[in-house]
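Participant: I'd like to ask you about the structure that follows.
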Amino acid sequence: MDEAEASVLARIEGRAGLILMNRPRALNALDQGMIDALTEAATRFRDDPAIDLVVLEGAGGRAFCAGGDVRAMRAAVLARDTETVERFFTTEYALNRMIAEFPKPWISLIDGVCMGGGIGVSIHGSHRVVTEHAMLAMPETAIALFPDVGTSYALPRLPGANGAMGKYLALTGARLHGAEAVEAGLATHHVPREKLAALREALLTGDAGMVERFVAAVPPGRVAAERPAIERCFAPDDIASIMAILAAEDSEWSRAQLAVLHRMSPTSMAVTLELLRRGAGMDLPACLAMELVLTRAVTRHPDFAEGVRAVLVDKDNAPRWQPATIDAVDPAAVKAMFG
Ligand code: QUE
């Protein structure tokens, strides 16, 4: 493949290993080739004593990484090509673990859309820098997947009471902009976009402490304002109780959250809450192993192909979930999906 066309570009500058996710027309969503190339670059930079830190970015100015190549996963599921599905999630989760265990600073510069798989290649690293153009989300319940890439470990550990922030983000797919992602605990530093080039340059010295010098404080934002309501409403571990509290709260915010939850896959919401409940008591490798088992059952469930169809293929945003309501989801069937 031509170097300029490569979907991942990796090079050494100064003491830094620079990695660019380069599939801008797909918002740098991770396909199998990108996962393989990222793993190769991470391995090389990890083992090179001349490299002190890694900087990860997305090409094109709009996205860091919009997620995984779920359209390809849907096509493989419909073709009964389980090998392709298995390989994708196995290698993606292995990369997530490798980043968590990375012996050097792993610094993600998030200046645009960062969802799903994009969270997975950033959240396990040491530094998640967001600009005011960053938009972070875990939107999987909209396509009947579940919060994967090690977020069953990370989400229950976000700061705050009752694991509520993680449940809120995972169930509603709430989009966090810029410094809101720092307030929620998904990101570690907020740096203005206009300073990003200078930060990248400073990191070539190999000193990750440079990040602190570029941080711009921002006044408390939406997440801080909504935190009390989030921690009240998303405290329970079952979706019926969460929805009952939201309904009783009867605020403009709670009505909006209810409307969002009514559009999500009921099965996926039940799976997500069970996953986060279990993940709260497990280490990252165990969480990733649990997620891998879950991908087998969840991608075979009709809601997955239907959700990807509705959101990313036909884009009618009118998925027909089976079952269509929370009440009709069988808790025993949900537990059985965990193997
Ligand atoms: C849930 C998801 C994804 C999503 C939307 C969801 C996801 C994903 C993309 C995506 C978006 C734009 C692209 C692209 C992929 O959207 O995983 O290639 O151009 O990759 O509601 O999980």
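The values are calculated or read from the model by the stated rules, or taken from the named source; none is laboratory data. Here the structure is a predicted model, which means the values were calculated and not measured. Cβ sites come from the backbone with ideal geometry, for glycine too, and all protein chains shown count toward neighbours. In case anyone asks, the SASA skips ligands and DNA or RNA and just uses the protein heavy atoms, side chains included. Shrake-Rupley method; radii C 1.70, N 1.55, O 1.52, S 1.80 Å.
Participant: Condition (residue is small (Gly, Ala, Ser), under 22 Å from residue 246 (Cβ atoms), crowded, with 24+ Cβ neighbours inside 10 Å and more than 16 Å from the ligand (Cβ to nearest atom)) applied to the stretch 185-193: is it met by at least one residue?
Facilitator: Taking every residue of the stretch 185-193 in turn, none turns out to be small (Gly, Ala, Ser), under 22 Å from residue 246 (Cβ atoms), crowded, with 24+ Cβ neighbours inside 10 Å and more than 16 Å from the ligand (Cβ to nearest atom).
Participant: Out of all the residues in the stretch 15-33, which are hydrophobic (A, V, I, L, M, F, W, C), within 12 Å of the ligand (Cβ to nearest atom) and not in a helix (DSSP H, G or I)? Explain how you work it out, then say what you get.
Facilitator: Taking the stretch 15-33 as the starting set, the residues that turn out to be hydrophobic (A, V, I, L, M, F, W, C) are 16, 18-21, 26-27, 29-30.
This time we only want the ones that are within 12 Å of the ligand (Cβ to nearest atom), so: 21, 26-27, 29-30.
Answer for the stretch 15-33, where residues must be hydrophobic (A, V, I, L, M, F, W, C), within 12 Å of the ligand (Cβ to nearest atom) and not in a helix (DSSP H, G or I): 21, 27, 29, 30.
Participant: Quick check on this structure: which one of 46, 11 is out of contact with any helix residue (DSSP H, G or I) (no Cβ under 6 Å at 6 or more places or on another chain), away from the ligand (no atom under 14 Å from the Cβ), part of a helix (DSSP H, G or I) and at negative phi? Write out each step before concluding.
Facilitator: Numbers: 11 fails: part of a helix (DSSP H, G or I).
Unique residue meeting the criteria: 46.
Participant: Looking at (1) away from the ligand (no atom under 16 Å from the Cβ); (2) surrounded by fewer than 16 Cβ atoms within 10 Å (Cβ to Cβ); (3) of a type outside the set (A, V, I, L, M, F, W, C), which is the only condition residue 108 fails?
Facilitator: Unmet condition: (2).
Participant: Tell me which residues, restricted to the stretch 204-258, are in contact (Cβ under 8 Å) with a residue 40 or more places away in the chain, open to solvent by less than 40 Å² (accessible area, probe 1.4 Å) and among the aliphatic types (A, V, I, L, M).
Facilitator: Residues satisfying the conditions are 204, 208, 211, 223, 230, 235, 239, 242, 243.
Participant: Which residues, counting only those in the stretch 10-32, are open to solvent by less than 50 Å² (accessible area, probe 1.4 Å) and more than 26 Å from residue 209 (Cβ to Cβ)?
Facilitator: 22, 26, 27, 28, 29, 30, 31, 32
Participant: Let me ask something additional. Hey, among the residues in the stretch 49-70 that are in a loop (DSSP other than H, G, I, E, B) and farther than 30 Å from residue 309 by Cβ, which one's least open to solvent (accessible area, probe 1.4 Å)?
Facilitator: 51
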